[in-house]
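Worksheet: one structure, shown below.
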Amino acid sequence: MSIDVSVSTVRGFVVPKDTPDVGAEQIKAALLNSMNPSVCQGFLDSVGLDSNPVVGSQEWGRRIPPCSPR
């Protein structure tokens, strides 16, 4: 059909803005840690999802502009 399209799946977590930095960092570390074991990576691979995007907020901040509509 020659349709030029890009598709992206973005998953993210947020906390209330008044969450102390220490608490937010602990939550972030726990989430990243929980997504790195081989079971999670195996699941992502088994359903055809790229397992490389499991990254922290700074890396996602650099990736968002290229995914934005033109």
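The values are calculated or read from the model by the stated rules, or taken from the named source; none is laboratory data. Note that the structure is predicted; figures quoted are calculated from it, not measured. So basically every Cβ, Gly included, is an ideal-geometry build from the backbone, and we count neighbours across all protein chains shown. All accessible areas refer to the heavy atoms of the entire protein, side chains included, with ligands and DNA or RNA removed. Shrake-Rupley method; radii C 1.70, N 1.55, O 1.52, S 1.80 Å.
Mind checking which residues of segment 1-42 are part of a loop (DSSP other than H, G, I, E, B), open to solvent by less than 70 Å² (accessible area, probe 1.4 Å) and free of Cβ contacts under 8 Å to residues at least 40 places away in the same chain? VAL15, THR19, PRO37, listed by residue number. With respect to the conditions (1) modelled with pLDDT of 75 or more; (2) not in a loop (DSSP other than H, G, I, E, B), PRO65 lacks only one, and its number is (1).
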